[in-house]
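To start, the structure itself, in structure tokens.
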Amino acid sequence: MTISVLLADDQTLLRSTFRMLIDSTDDLEVIGEAADGQEAIDLARSQHPDVVLMDIRMPGTDGLAATAVICADPDLATTRVLILTTFEIDEYVAQALRAGASGFLGKDVAADDLLDGIRTVAAGEALLSPNATRSLIGRFLATPEPTAPAEVHERLAALTAREREVVALVAEGKANEQIAEQLFVSPLTARTHVHRAMAKLDARDRAQLVVIAYQTGLVRPTPLP
């Protein structure tokens with residue numbers, strides 16, 4: 001199946017470049033372009049893309065506000081937002097993840113990494129830039145809103161001990177294969193635990209498991225050296 005992509009960036013040249021790159025593949029297709037956040041919201045609601053490639057800083061409604069609206073819309077439950085930013089590690093990225101974004105990449109990303117990133121989030125996986133250290137991600141996700149709503153803590157309490165352990169490993173950036181190896185289970189079993197935890201916590205994808213893990217205190221940010 002072809003993965004449909006909506007481009008949201010106020011730079012026309014950049015959108016054109018991304019469109020040519022994405023449309024050159026057999027499994028990806030650009031179905032719309034937006035120059036600001038409100039246009040991205042409107043197009044997402046009318047076109048229902050699989051992935052929105054979202055810039056943060058745009059005039060009017062910015063990418064953060066647009067991400068929050070798109071991810072909160074039940075009619076767009078299958079739409080994933082992938083943030084593109086000039087600044088790969090900053091509070092804006094953490095806000096985007098809290099709002100429901102599935103991950104982020106720097107605008108200087110290599111062509112193949114961008115295409116793979118779109119495929120990754122379309123598959124429901126988290127995509128955190130390799131240039132962003134876990135300690136910094138943890139630090140920004142834990143502040144300035146370190147506490148999650150009470151209902152999230154209640155859902156966390158419903159997890160089994162093994163599911164809590166798996167969520168913590170996901171928050172550390174481990175893939176299913178790495179989780180399986182550490183817990184001495186099969187990759188399929190690890191994947192099952194991840195999906196059960198996502199269902200219990202009402203998480204859209206693995207990125208939201210990371211957010212919940214830090215905001216509930218299940219995982220503590222690694223102190224900076």
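The values are calculated or read from the model by the stated rules, or taken from the named source; none is laboratory data. Computed from a predicted model, the values in this text were never measured in an experiment. In this analysis, Cβ positions are derived from the backbone assuming ideal geometry, glycine residues included, and neighbour counts consider all displayed protein chains. Heads up: the accessible areas ignore ligands, DNA and RNA and are worked out on the full protein's heavy atoms, side chains in. Shrake-Rupley method; radii C 1.70, N 1.55, O 1.52, S 1.80 Å.
Quick notes on this structure:
- Full-extension gain in nm, T12 to E151, via 0.36 nm per residue minus C-alpha separation: 45.8 nm
- Value of relative contact order over the chain, rounded to a whole percent, pairs C-alpha under 8 Å and six or more apart: 16
- Rg/Rg_ref, region 161-225, where Rg_ref = 2.2 N^0.38 Å and atoms are Cα: 1.06
- For region 66-120: rounded, prolate or oblate by the Cα gyration tensor [a/c cutoff 1.5]: oblate
- Residues within the reach of a label modelled at A168 (point 7 angstrom out along Cα to beta-carbon, backbone nitrogen below 14 Å), restricted to region 196-214, are 213-214.
- For the chain, calculated [θ]222 nm from helices alone, where every DSSP H run of n ≥ 4 adds -39500 (n - 2.57): -15000 deg cm²/dmol
- Annotation: amide H-H contacts under 5 Å for I3 (H modelled 1.01 Å from N, sequence separation of 5 or more, or interchain): L28, E29.
- Choice from V93, V152, V51 showing the highest fluctuation, given a GNM over the chain with Cα pairs closer than 10 Å: V152
- A straight chain from D42 to A199 at 0.36 nm per residue would run longer than the Cα-Cα distance by 53.7 nm.
- Computed from the C-beta positions of D73 and R19, the FRET efficiency with R₀ = 25 Å rounds to 0.55.
- Cα shape, region 1-72, gyration tensor, a/c 1.5 rule: oblate
- Solvent-accessible area of the chain (1.4 angstrom probe, protein heavy atoms only): carbon and sulfur portion equals 52 percent.
- Taking only the C-alpha atoms of the chain, Rg followed by Dmax gives 17.0, 50 Å.
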